[in-house]
Amino acid sequence: MRHRLKRVPACARAESSRTHKLQAKAIARTVRVRIRMTIDFNRIINRRNSDSLKWSDPRGTNAIPMWVADMDFAAPECVIHALRERVDQGVFGYSIAAPAVQQAVVDWAESHYRWRIDPAWIVWLPGLVPGIHLACRALLHSEDEILTLVPVYPPFLEAPRLAGRALQTVPLTQEKDRWVLDVDELRKAIHPRTKLLLFCSPHNPVGKVFGREELLAVAEICERHDLLICSDEIHCDLILDPVRHVPFASLNQEIAERTVTLMSPSKTFNLSGLSCGFAVIPNPELRKRFKAGASDLVPQPNALGYVACRAAYEGGEAWRVALIDYLRGNRDLLASFFAEQLPRLKMSRVEATYLAWIDTRYLGEKSGAGFFEKAGVRLSEGDPFQGPGFVRLNFACSRPTLRDALDRISAAVRGIA
């Protein structure tokens, strides 16, 4: 006997749909709360005497390391679980980017940035830095020149030199506690041999988020002067202020065709040691040249890197949201400390990343990372960023560790006052 299904009235179906959506949202909120309760970013994980670059201390100073962009937090449990399952398989042969990991990247870009990308546009890399070097070598002719904004992450300055390309720099300028780009200065710096803009968005080390209007102004200049763009967006998931990251290539089709976007889950989920990143290159000719430059020279991510990437993008969002809350608290603590206790050391507003850029020129000859290392805090020196007189401080650590470091900094500065 056949059973007839009762037809549900449209109004009832709509009400049922609304009910399900409300239930789903309630469940999602509950899950986020539970995850926040189980994640303890205050937990101090002992990384000394391990394989940690950040925590290695050949001089035996026991300084608190706050230099390299490496968080002290354990990766999300979803990543750790996925890695355990993969290790239990026991076979670690050559690996490929399976469709599932490609789709995880596509879904993440669309859900977070309203940026629809084709899996065919993805070129897998073992990290961001090889992508910068490839852009400088594979996309240009020997006589072509490169442009970038300073201060900036040191590989932006090193890659052109190692590729034998001339580099022109344009300084960012400070307006109160924020850094801004002078579009007129950018335009003036371009000459006929300028062919590539190395762009960092969000910006490392100044922590700036470029708004859509700023990006459109830069895009207009790139189109007018026929520049390619290599956009480092590795910190795009770490926005601390209530603003939205806009991928450079998402501005319009013309810009997409001339842009190489570099991304990775490594900074967001603390996976740098697993060597997994990627470039998104919509233009097939640029993609072909980029791949040719990487052929037999730049390795693919390893098997565990692919696993971690997929797990992070598929299951790590609640962890990321909790991380942002914690980093925002650390950022605010840091800003209050300098404003109230050491106002002559100027910290610019950190809109994104977990890196603070601090003006220490008030200290005169005693400024610089060396001074703070003697006080027991290891920071990044500003000179390699083309930011003499500044230091970069990584605040992606437990709050007790941050407070300890700030006490040491305060004592050192007050000791010379």
Hey, which of these cross-link pairs are over 18 Å Cα-Cα: Lys208/Lys267; Lys188/Lys208; Lys208/Lys366?
Lys188/Lys208; Lys208/Lys366
Which whole-Hz ³J(HN,Hα) couplings does the stretch 179-185 yield from phi under the Karplus relation 6.51 cos²θ - 1.76 cosθ + 1.60, θ = phi - 60°, glycine and proline marked x?
9, 10, 9, 8, 4, 5, 5
Taking the Cβ of Leu186 as the centre, find all other residues whose Cβ is under 12 Å away and add up their charges (Lys, Arg: +1; Asp, Glu: -1).
-2
Net charge of Cβ neighbours under 13 Å - reference Phe385; Lys, Arg +1; Asp, Glu -1
-3
Order Tyr306, Tyr153 by their accessible area, 1.4 angstrom probe, all chains in place, largest first.
Tyr153, Tyr306
On the accessible surface of the stretch 309-352, probed at 1.4 Å with all protein chains in place, carbon and sulfur together account for a percent value of 46
How large a share of the accessible area of the stretch 136-282, in percent, is made up of carbon and sulfur atoms when the probe is 1.4 Å and the other protein chains stay in place?
47
Percent of C-alpha pairs per 10 Å bin, the stretch 151-210, short to long:
19, 52, 27, 2
Please list, ordered by chain and number, the residues whose modelled amide H lies under 5 Å from the amide H of Thr194; skip anything fewer than 5 residues away on the same chain.
Glu145
Sort all Cα-Cα distances of the chain into consecutive 10 angstrom bins from zero, then give the percent of pairs in each bin up to the one containing the longest distance.
4, 20, 29, 25, 14, 4, 2, 1, 0, 0
Give me the number: length gained by fully extending Val321 to Ala98, i.e. 0.36 nm times residue separation minus the C-alpha to C-alpha distance, one decimal in nm.
77.6 nm
Quick check on the stretch 271-311: what are the equivalent-ellipsoid semi-axes from the Cα gyration tensor, as sqrt(5λ), descending, whole Å?
23, 12, 7
Could you give the length gained by full extension between Asp57 and Leu297, i.e. 0.36 nm per residue of separation minus their alpha carbon distance, to one decimal place?
83.2 nm
Where the chain is the region considered: accessible area per residue in Å², 1.4 Å probe
49
Using the Karplus curve 6.51 cos²θ - 1.76 cosθ + 1.60 with θ = phi - 60°, what ³J(HN,Hα) values do you get for each residue of the stretch 238-243, in whole Hz, with x for Gly and Pro?
10, 8, 9, 8, x, 10
Please give, to one decimal in nm, the separation of the simple spin-label points placed at Glu214 and Asp88, each 7 Å out from Cα toward the Cβ.
4.7
For labels at Glu158 and Glu254 in the simple 7 Å Cα→Cβ model, what's the distance in nm?
3.7
With each label point set 7 Å from Cα along the Cα-Cβ vector, what nm distance links Asp118 and His191?
3.8
Run the 1.4 Å probe and let me know the accessible area of Trp121, rounded to the nearest 10 Å².
60
R0 = 60 Å: FRET efficiency of Thr173 with Asn42, Cβ-based, nearest 0.05?
0.95
Given backbone amide H placed at 1.01 Å from N, residues whose amide H is under 5 Å from that of Arg378, ignoring those fewer than 5 places away on the same chain, are Ile64, Met66
At 20 angstrom or more along the helix axis (alpha-carbon based) and mean Kyte-Doolittle of -1.0 or higher, what helices does the chain contain? Whole DSSP H runs only.
10-38, 99-113, 317-340, 399-416
Averaging sequence separations of C-alpha pairs under 8 Å and six or more residues apart, then dividing by the length of the stretch 304-417, give the relative contact order as a whole percent.
21
Solvent accessible area, Å² - Arg399, 1.4 Å probe, full protein context
50
What residue among Pro130, Pro282, Pro242 has the largest mean-square fluctuation in a Gaussian network model of the chain, using Cα springs under 10 Å?
Pro242
Largest first, what is the accessible-area ranking of Thr261, Thr173 with a 1.4 Å probe?
Thr173, Thr261
Could you order Ile416, Ile239, Ile96 by accessible surface area, starting with the largest, using a probe radius of 1.4 Å?
Ile96, Ile416, Ile239
Length-normalised contact order of the chain, Cα under 8 Å, at least 6 apart, in percent, tallies to 23
Around Val129: net Lys/Arg minus Asp/Glu count, Cβ-Cβ under 12 Å
-2
If you put +1 on each Lys and Arg Cβ and -1 on each Asp and Glu Cβ, how big is the dipole of the stretch 323-402 around its Cα centre, in Debye rounded to 20?
100
So which chymotrypsin sites (Phe, Trp or Tyr not before Pro) in the stretch 77-112 are both in a DSSP loop and have at most 14 other Cβ atoms within 10 Å of their Cβ?
Phe92, Tyr94
As an exercise, identify the trypsin sites (Lys or Arg not before Pro) in the stretch 118-185 lying in DSSP coil whose Cβ has no more than 13 other Cβ atoms within 10 Å.
Lys176
Charge dipole magnitude, Cβ of K and R +1, D and E -1 - the chain, Cα centre, debye nearest 20
1560
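The values are calculated or read from the model by the stated rules, or taken from the named source; none is laboratory data. What you see is a predicted model; the values in this text were computed from it and never measured. All Cβ positions, glycine included, derive from the backbone under ideal geometry; neighbour counts span all protein chains shown. Heavy atoms of the whole protein, side chains included, go into the accessibility calculation; ligands, DNA and RNA do not. Shrake-Rupley method; radii C 1.70, N 1.55, O 1.52, S 1.80 Å.
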